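Below you'll find the structure, written out as structure tokens, and then a few comments.
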Amino acid sequence: MNGAVIAVTPGGQKLARRVAKTTGFSIYLPEDLRSPGDGAISYTTLRQAVTDCFRQKEALVLIMACGIAVRILAPLIESKQTDPAVVVMDEAGSFAISLLSGHWGGANELAHSLGELLGATPVITTATDVNGLQAVDTLAREMGVQPEPFSLIKQFNAAMLKGEAVAVFSDYPGLRRISCAGLFFYPFSQFAQMAPQYKYRALLTNAAKVLGSHDGDLYLRPPNLCIGIGCRRGVPTERILQAIYDVLDKHNLARASIVRLCSIDAKKDELGLLGAAKQLGVPVDFYSKEEITALKVPYHVSSFVHQNMGVGAVCEPTAMLAAGNGRLLVTKQKMEGITVAVAEEEYPWSGWDQGEKKH
């Protein structure tokens, strides 16, 4: 986790060094508390330091009074989805208070971690945790999946606090989880049978829509779709994005599950492809001719592609390489000057037909 620890007093400085040593976070100190060569970053005003870190870091540990932290943070707060985790500690290191983004941002987890590492008492006030429930957004964060729509999280957690149960359905046979307070896990093979018994349902899948689902269902999107792209020179970003969206929509696959784009390394400077990845917020993996040729999994080949690129295909083999030789969900789809293929990466808790995995 990319984080910062910010202190304002000599006592806080000492604790900040302990926090940084155990977490790897960057230290921010007033100029008069910073020593040459100590690796700390100096700041002139506390408000500016907190503001900069809030916008750039995933987590903040603020060693100061809660009142000071609240006054500085208040105008910065935007959304549970984007705000970093914020933990406040007193300079004696007695308490680690989860102040902001406890579930999705990970502040509750960070407070517990600081408690274990430094002997502080973690202070957690989120209602689901206080009542011994597994919050849906905490579950999503632990699994590394994206809730969609995120706005339903509050409704689901509130329902659990009222005694409602949430059913979690998964299309990954390798997922085996013991049901815990408020959450019950079922395979999709039982969806038709069990779904009517639950008002609140979470669907863990990269399928855009599940037959029989309704608007009140919460989708949990695993980041496991690798999009292989082949394209002519100069194809603009907008056309590449539209081609990807068209293919996903046609095959009922969720855009939120895209984890990376991929292509041959001859396309490393292709601005349209790089622009598409930037807009999607994912990396692009590039593969050499040798890597593509060495792939033993069968795929569609083209004499035209071989003549121009030196390999029999681009989108299918690169998608499978990016997915760790994962299964090909969508074979090569041709559009004007663009080809798209989709492979599914094997997720840590996915099993397909290979039996249950240990995780």
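The values are calculated or read from the model by the stated rules, or taken from the named source; none is laboratory data. Just so it is clear, the model here is predicted, and its values are computed rather than measured. With ideal geometry, Cβ positions are generated from the backbone for all residues, glycine too; neighbour counts draw on all protein chains shown. Heavy atoms of the whole protein, side chains included, go into the accessibility calculation; ligands, DNA and RNA do not. Shrake-Rupley method; radii C 1.70, N 1.55, O 1.52, S 1.80 Å.
Among the residues in the stretch 52-69, are any of a type in the set (Gly, Ala, Ser), open to solvent by less than 20 Å² (accessible area, probe 1.4 Å) and farther than 16 Å from VAL19 by Cα? Looking for residues that are of a type in the set (Gly, Ala, Ser), open to solvent by less than 20 Å² (accessible area, probe 1.4 Å) and farther than 16 Å from VAL19 by Cα, one finds at least one in the stretch 52-69, hence yes.
Looking at the stretch 86-178, the strands (runs of 3 or more DSSP E) lying wholly inside it that each contain 2 or more residues that are of a type in the set (Val, Ile, Thr) and in contact (Cβ under 8 Å) with a residue 24 or more places away in the chain sit at 121-123, 166-170.
Do we have any residue at all in the stretch 125-136 that's open to solvent by less than 10 Å² (accessible area, probe 1.4 Å) and over 24 Å from ALA192 (Cα atoms)? Looking through the stretch 125-136, at least one residue is open to solvent by less than 10 Å² (accessible area, probe 1.4 Å) and over 24 Å from ALA192 (Cα atoms). Of note, ALA85 satisfies the criterion of being modelled with pLDDT of 95 or more, crowded, with 19+ Cβ neighbours inside 10 Å and closer than 21 Å to SER151 by Cα. The set of residues in the stretch 213-245 that are within 19 Å of ALA266 (Cα to Cα) and without any contact (Cβ under 8 Å) to a residue 40 or more places away in the chain comprises ARG233, GLY234, PRO236.
VAL342 fulfils the conditions (1) modelled with pLDDT of 95 or more; (2) touching a Leu at 6+ places or on another chain (Cβ under 6 Å); (3) in a helix (DSSP H, G or I) except for a single criterion, (3). Among the residues examined, VAL70 does not qualify as out of contact with any helix residue (DSSP H, G or I) (no Cβ under 7 Å at 6 or more places or on another chain), modelled with pLDDT under 90 and more than 30 Å from ALA207 (Cβ to Cβ). Scanning the stretch 169-197 for residues that are at pLDDT 75 or above and loosely packed, with under 14 Cβ neighbours inside 10 Å yields SER189, GLN190, ALA192, GLN193, PRO196, GLN197. Scoring ALA243 on the criteria (1) surrounded by 23 or more Cβ atoms within 10 Å (Cβ to Cβ); (2) at pLDDT below 95; (3) over 19 Å from the mean Cα position of the chain (by Cα) leaves a single failure, condition (2).
Of the residues making up the stretch 77-91, at least one is over 30 Å from GLY281 (Cα atoms) and under 25 Å from the mean Cα position of the chain (by Cα). Would a scan of the stretch 310-323 turn up a residue that is touching a Pro at 6+ places or on another chain (Cβ under 9 Å), part of a loop (DSSP other than H, G, I, E, B) and modelled with pLDDT under 90? Checking the stretch 310-323: at least one residue is touching a Pro at 6+ places or on another chain (Cβ under 9 Å), part of a loop (DSSP other than H, G, I, E, B) and modelled with pLDDT under 90.
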